[in-house]
Amino acid sequence: MLSLLLARSISVKLIPYLYLSGIVLAGNALAAPASESATLSLLLTQLDMLDATLKRAESQSSVAPGERFFFDYPQAHADIRAVRAGLEQYLTPSRAQPQPVLPLAGQYRRESVQ
């Protein structure tokens, strides 16, 4: 109880300083934004990590017989590939005609067939 009261009194005293430092940090972040291509390249790296994590989860999953719903890993992988393809196409444009946009499923829960 004493530690909770002590933590509250310290945090109340520090709020104005944290607020001001947040403004300063936010101002610095806005002063030098990352370029769009660098941010999208970072997103490609994050998609690679997401895909690896999804593959790891898929290898650890097990669908018990009679289970009604399960995660649709192939559809999630397909959507990641579609997003990656769109980003790569944007980052390295060609002079060809625009490609059609592939729709994302967004639904990853399937019902088992019995």
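The values are calculated or read from the model by the stated rules, or taken from the named source; none is laboratory data. All values derive from a computational prediction rather than experimental measurement. Every residue, glycine as well, gets a Cβ built from its backbone with ideal geometry; the counts of neighbours run over all protein chains shown. To get the accessible areas, we keep the full protein, side chains included, count just its heavy atoms, and leave off ligands, DNA and RNA. Shrake-Rupley method; radii C 1.70, N 1.55, O 1.52, S 1.80 Å.
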If the label point sits 7 Å along Cα→Cβ of Tyr73, residues of region 91-114 with amide N under 20 Å come out as 105-113
With all protein chains present, region 58-108 has a carbon and sulfur share of its accessible area (1.4 Å probe) in percent of 57 percent
